Amino acid sequence: MTEAVETRIAQIVRSHDVVLFMKGTPLFPQCGFSSKAIAILEHLGVDYDSVDVLQDQEIRQGIKSFSDWPTIPQLYVKGEFVGGSDIMMEMYEAGELQAMMDEQGVAKAG
Ligand SMILES: N[C@@H](CCC(=O)N[C@@H](CS)C(=O)NCC(=O)O)C(=O)O
Ligand code: FES
């Protein structure tokens, strides 16, 4: 990953409380894993942003080294990497994702 990409990614995760790196958009996810991640965020009712990695190959590859995580989607909360869709689902079912959002003071959507 070039320094420029690293800087871009750092800037993205710093400037959004909750951001999902995904394939496609929240309205039109282009993969079931990304769709699942969006469904979880919608259930939580938090304000979130998303980055479509299919529109940017540098980000698509760069985010994997940035997080040291090999796949998309990837969730970041307050600049910290949380996980992919499996981890999100496990945390959601255990009530841990909601708890984390509350602790971090993440805003509700709406
Ligand atoms: N079990 C994974 C599923 C994600 C996954 O396997 N993603 C693949 C297919 S969408 C991926 O990102 N491959 C690398 C790529 O497409 O750049 C999760 O918890 O998120
Ligand atoms: S795009 Fe094929 S599994 Fe995600």
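Taken together, the values in this text are just the output of simple stated rules run on the coordinates, not laboratory data. Just so it is clear, the model here is predicted, and its values are computed rather than measured. Cβ sites come from the backbone with ideal geometry, for glycine too, and all protein chains shown count toward neighbours.
To the nearest 500 deg cm²/dmol, what mean residue ellipticity at 222 nm is calculated for the chain from DSSP H runs of n ≥ 4 alone, each contributing -39,500 (n - 2.57), summed and divided by the residues?
Calculated from helices alone, the mean residue ellipticity at 222 nm is -15000 deg cm²/dmol.
What does the charge count near residue 16 come to, summing +1 for each Lys or Arg and -1 for each Asp or Glu among other residues with Cβ under 11 Å from its Cβ?
Summing Lys/Arg as +1 and Asp/Glu as -1 gives -1.
Note down the Stokes-Einstein diffusion coefficient of the range 3-100 in µm²/s, whole number, using a Kirkwood radius over alpha carbon pairs, 20 °C, and 1.002 mPa s.
D = 162 µm²/s.
What's the ranking of 26-34, 67-75 by average number of surrounding C-beta atoms within 10 Å, highest first?
Put in order of decreasing packing, that is 67-75, 26-34.
Once the piece of chain linking residue 68 and residue 27 is laid out straight, how much longer is it, given 0.36 nm per residue of separation minus the C-alpha distance between them?
Contour length minus Cα-Cα distance gives 12.0 nm.
According to a simple spin-label model (label point 7 Å from Cα along Cα-to-Cβ), what is the distance in nm between residue 108 and residue 60?
For residue 60 paired with residue 108, the spin-label model returns 3.8 nm.
Given Cα pairs under 8 Å that are at least 6 residues apart, what percent is the relative contact order of the range 3-100?
Over the range 3-100, the number comes to 35 percent.
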